[in-house]
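For reference, the structure is listed below as structure tokens.
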Amino acid sequence: MSNITDLKLVELVDKIKKKELSSTEVTIAFIERSKKSKKLNAYISENYENAIKKAKIFDQKPDFKKKLSGIPIAVKDLFCTKNIRTTAGSKILENFIPTYESTVTQNILDEGGIIIGKLNCDEFAMGSSNETSYFGNVQNPVSENLVPGGSSGGSSSALAAKLTPATIGTDTGGSIRQPASFTGTVGLKPTYGSCSRYGIVAFASSLDQAGPMTHDVKDCSLMLEIMSNYDTKDSTSVEFKRENYLNNLNENIKGKKIGIPKEYRVDGMPKEIDELWEKGIKIIKENGGEIIEISLPNTNYALPTYYIVAPAEASSNLARYDGVKYGFRSKGENLIDMYEKTRSEGFGDEVKRRIMIGTYVLSSGYYDAYYLKAQKVRRLIKNDFDEAYKKVDAILTPSTPSSAFKIGEKLNDPVSMYLNDIFTVPINLAGLPAISIPAGHDKKGYPLGLQVIGKAFDEQSILNIAFALEKNISFKNNITDWWIK
Amino acid sequence: MSKNNGEYLIIRNDNKYEVIIGLEVHAQVLSKSKLFSTSSTKFGSEPNTQVSLVDAAFPGMLPVINEHCIKQAVKTGIGLKAKINKRSIFDRKNYFYADLPQGYQISQYKNPIVGEGSVTLDMPNGEKNIGIERLHLEQDAGKSIHDIDPQNTLVDLNRSGVALMEIVSKPDLRSLDEVNAYIKKLRSIMRYLGTCDGNMQEGSLRADVNVSVRKKGDKKLGTRCEIKNVNSIKFMQMAIDFEANRQVDVIEEGGSIDQETRLFDTKKNETRSMRSKEDAHDYRYFPDPDLLPLELNDNYIDQIKKDIPELPDEKKKRFIEKFKLSPYEANILVSDIEISKYFEEVSKNSDVKLATNWITGELFALLNEKNIEITESPISSKNLSKLINLIKDGTISGKIAKSVFEIMRRGDKDPITIVEEKGLKQQSDPKELENLINKVISENPKNVEAYKSGKDKLFGFFVGQVMKNSNGKANPKLVNEILKKKLN
């Protein structure tokens, strides 16, 4: 059964339900392929034995009413998983084993999913290339020495390489959509408040949102349906009517008004990306959608705003990693010395950089000029979208201003690295849902993505538009198994 | 120091200094669970047995507001006649300490739940209003224990996350007596409302004390020092007295006061500098993104208002009007909700005047002696009212009542039973009394003669003899009447 891992999530669920495949067969297939794919370094922790045990138990008494009956799945190592080590890609949590389960992974377990491992990511999700992980770089299966994007780089790599039939990531400024774009996969960041943040290692609380990463839009709809719920354990979780996204999935976009923001035509953007965008516009028109030029005038301020708000919240969120209660501790002469050594040795450079920025922008004397102003600009950015949505149902943009880059290429140039998130960051600041779908390749043959941005809590519309685009684009990921000897 | 007209002044070299005091009281919210978690708040449990994943700040844990604590804060705000803010915001106060697991304390900084209000104090020279600046909700920290392990500091997180109300007064207090009265009044209001048990021994009520001095007559406030975390009224008074005198000394020597945070050393009875303004922490306050702004609607606040019980000020007014008590008596009886309840129970079925005297006299002496609260009183309100009725209807005299009380305190026995068993019923039968009196007269002919020749003072001697012979049971009023008739 060498082709089990080629199946998509919805197909696998179907085959298990029809008893054409057992959970054990499927689980072993993905584990075997994962074992052969160590070179990608997609996993931080493996849960193989336990997963096979669970698959066997499932097969003994299968419950086919569940939406993920017996499906193996590897998840980003930012989700706390009961009794499975959770590191957030950091030395400071190298040996941390939670006694509790995040709401999102619990939802997956409740629907019959089986966790086969924890996937690599940038340290505390701070990065766009997975190069800040304490557990090393991750290879993009598209090509050797290419970054898989970040921070959900282990997730995008494992998904594109078919080590897991679907996965989940977190997206604070583009950490799902950018790696999806870099690996030719689908990634969705839901509306803020759709998926519970309970049990997800926090980066920037007002921006963090978990979301699905899958091979196609159908799989994405199914995963979102499973992940999203109202959760009283998260005060920012929102009670709204969650759709049966998969059942309602529909490629008819006739009469849909799609906005094209002129501010996203940035200088120096590769020609292929422009062409890709035009291709998307053409497909929408051909399918009866209406294209409307819109303006999001404060787009230029999104990145600086993000790099004030996110580090500010991070500097406070990461204060708990102090060596006192759990995680890594370095010996010190006294309390202060212990803190300094623990945090100096336990955190990597990018995390330290952001803690420093965040501490600075919150300091008295700078608060008004930075944090407070950033909050005001954030409101303006949200107003831009509100204004636009009076005219359009959704917005179409490229996902990233470039395709995947080489490992090491941007590591010493943080600003150039940050620029990677230019199209994704405004959406987090506005709390909106957005999906990235693979839409073509650049001249090097690396995948490129298109992003569909929706109204708050209107995930169904962007899934439908993405579904229509996907059908007409018929993207093929040219992945050879180069990493398997 | 001098106390003229209740004024608290410090005098040096003919200069009179006024002391300006403001208090930041930290009152633990009476609540079974913590402000943002479901852990118990029970006092005195084994260390680290009341700690949830949220309290210990495990990765991915999120605070969820305990609605009961919001209600308690609003209630307290109403009790302080304060403005309830319909929108308040929880901020993060960032600093590192071993007993602060999150690395920040969640507290309301710019937008507290309760705004300006006031507390009325009954001072010997009249009422005085103390302004309340604000009341906000915040988390308590854990406890660092330095003296168990010789090498390490140990941390107990049982208190971590417990809800506190910080009640900030305006700098309206001017004397140690006012500080005493203010703390007692706050405590009393919160106990009436059931929002804080006010137990200072268990740390449910602590205060940071702001002290400054200025020459009497000056309008401008002096530079203040803040004395952190003082946990009894006595220590507050000692700390203020020391600190005010210290500041006066500095000024008199030509120096100036530095704004700083100081610690009160209870053993040495002195305050010491902890950190100056320059070294002050930069707490990097910002709104906690894990919590939405707290929005209250009018209906919610009105609902709470409806449930507010009669508070000490109103109760005092009622006691004066209804029971004709003096303001002084009323004050004592309303100072504590339990005392007022006890009083109302006793006076419901017996004479108000006697009830007041017996509660503030014998009963308080007993409680003081045993160092117990009125709720733990060995004598129930029901039995005390029976005792009072026995006095009122003449069954026993006040003196006998005291010995009955002595028996009651050993086990709350019904005074009627005691009186019957011990045969303590007052002798009020005129014939029996006459017999007793005749006997005394016939046994003391010399004294009778002396009395009749003008030694009026001997009358007391005859009363005493009669009482003695009756084992104190003779009705003194009747004895007086009959004796007078017999001797004159």
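Rule-based calculations on the coordinates, nothing more; no lab input. None of the values given here were measured: they were computed from a predicted structure. Every residue, glycine among them, receives a Cβ derived from its backbone with ideal geometry; neighbour counts consider all protein chains shown.
What does the C-alpha gyration tensor say about the overall shape of the range B:53-178? Classify as rounded when a/c is under 1.5, otherwise prolate if a/b is larger than b/c, or oblate. Oblate is the answer for the range B:53-178, as a/c is 1.5 or above yet b/c matches or exceeds a/b. The H on the amide N of B:L173, modeled in the peptide plane, is under 5 Å from the matching H of B:I21, each at least 5 residues off or on a different chain. Charging the Cβ of each Asp and Glu at -1 and of each Lys and Arg at +1, and nothing else, the dipole of the protein assembly as shown about its Cα centre rounds to 2240 debye.
Ranking B:G472, B:F343, B:G60 by Cα position along the charge dipole of chain B, where only Lys, Arg, Asp and Glu carry charges on their C-beta atoms, puts B:G472 farthest toward the positive end. Measuring against 24 Å, Cα to Cα, the residue pairs A:K35/A:K471; A:K162/A:K218; A:K67/A:K382; A:K254/A:K390; A:K35/A:K410; B:K228/B:K268 contain A:K35/A:K471; A:K67/A:K382; A:K35/A:K410 as the ones spanning a longer distance.
For B:T271, the amide hydrogen comes within under 5 Å of the amide hydrogens of B:D265, counting only partners 5 or more places away or on other chains and with H modelled in the peptide plane. Would you kindly give the portion of the calculated P(r) for chain A that falls above 34 Å, as a percent of all Cα pairs? Result: 29 percent of Cα pairs exceed 34 Å. Which value in deg cm²/dmol, rounded to the nearest 500, describes the helix-derived mean residue ellipticity at 222 nm for chain A, given -39,500 (n - 2.57) per DSSP H run of n ≥ 4 and division by the residue count? Per the formula, -10500 deg cm²/dmol.
Per residue of peptide B:98-104, the mean number of Cβ atoms on other chains within 10 Å of the residue Cβ is 5.
Please compute the Kirkwood hydrodynamic radius of the range B:310-422 from all pairs of different C-alpha atoms, in Å with one decimal. Numbers along the way, then the final one.
Numbers: mean 1/r = 0.0703 Å⁻¹.
Hydrodynamic radius (Kirkwood, Cα only) of the range B:310-422 equals 14.2 Å.
Computed 3J(HN,Hα) for the range A:370-375, one whole-Hz value per residue from the Karplus formula 6.51 cos²θ - 1.76 cosθ + 1.60 where θ = phi - 60°, is 10, 4, 5, 5, 4, 5, glycine and proline marked x. The helix-only estimate of mean residue ellipticity at 222 nm for chain B, built from DSSP H runs of length n ≥ 4 each weighted as -39500 (n - 2.57), is -11500 deg cm²/dmol after division by the residue total.
With the highest mean first, a sort of the peptides A:143-153, B:203-213 on other beta-carbon atoms found within 10 angstrom per residue produces A:143-153, B:203-213.
Principal axis analysis of the Cα atoms in the range B:430-487 yields extents of 29, 19, 17 Å, listed in decreasing size. In this structure, the residue pairs whose Cα-Cα separation is over 26 Å, taken from B:K86/B:K322; A:K325/B:K71; A:K376/B:K110, are B:K86/B:K322; A:K325/B:K71.
Compactness of chain B is given as radius of gyration and Dmax, 29.8, 100 Å, from Cα positions. Along the range A:112-126 the Karplus relation, 6.51 cos²θ - 1.76 cosθ + 1.60 evaluated at θ = phi - 60°, assigns HN-Hα couplings of x, x, 10, 7, 9, x, 10, 9, 4, 7, 4, 4, 6, 6, 9 Hz to successive residues, with x for each Gly and Pro.
So, R0 is 35 Å and r is the distance between the beta-carbons of B:K216 and B:D282; what FRET efficiency does that work out to, to 0.05?
Values: r = 37 Å, r/R0 = 1.05.
The value I calculate is 0.40.
Against the empirical curve 2.2 N^0.38 Å, the C-alpha radius of gyration of the range A:1-151 lands at a ratio of 1.06.
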